[in-house]
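What follows is a single structure, written as structure tokens, with notes after it.
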Amino acid sequence: MHAALEALRRLIDGMGKLEFSANTSPEPFARGFTHGFTIDFRDAAARDAYLMHEAHSRAGARLVAALEGGTDGLMVFDLDISA
């Protein structure tokens, strides 16, 4: 999945840094989630282009297929972090 998401950066303008990690929190609030990733986008328009891109749909389908419980094993949210 890492490689598939990294490949999207070459296809989608405005898609920035990706970060991947296993959960390392000592707190008991992960609700079964063991790994996560973040994607930085230049702006909301770049994020929206990513969401609509055919390559994102293919990568997303592969991710969901690999998750225990399908979309129940997925959590997505957007943060608007201003400098």
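Below are the figures for this structure:
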| item | result |
| --- | --- |
| Residue tally, condition part of a loop (DSSP other than H, G, I, E, B), within 15 Å of the chain's Cα centre (by Cα) and exposed (fewer than 11 other Cβ atoms within 10 Å of the Cβ), over the stretch 1-51 | 1 |
| Residue count for the stretch 1-59, restricted to those that are in contact (Cβ under 8 Å) with a residue 24 or more places away in the chain, among the acidic types (Asp, Glu) and within 18 Å of Val76 (Cα to Cα) | 2 |
| Residue check for Leu74: surrounded by 11 or more Cβ atoms within 10 Å (Cβ to Cβ) and in contact (Cβ under 8 Å) with a residue 60 or more places away in the chain | no |
| Filter result for the condition that a residue is of a type in the set (D, E, K, R) and modelled with pLDDT under 95, over Asp43, Asp48 | Asp43 |
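The values are calculated or read from the model by the stated rules, or taken from the named source; none is laboratory data. These numbers come from a predicted model, not from an experiment. A quick note on method: Cβ atoms are made from the backbone with ideal geometry, for glycine too, and the neighbour counts reach across all protein chains shown.
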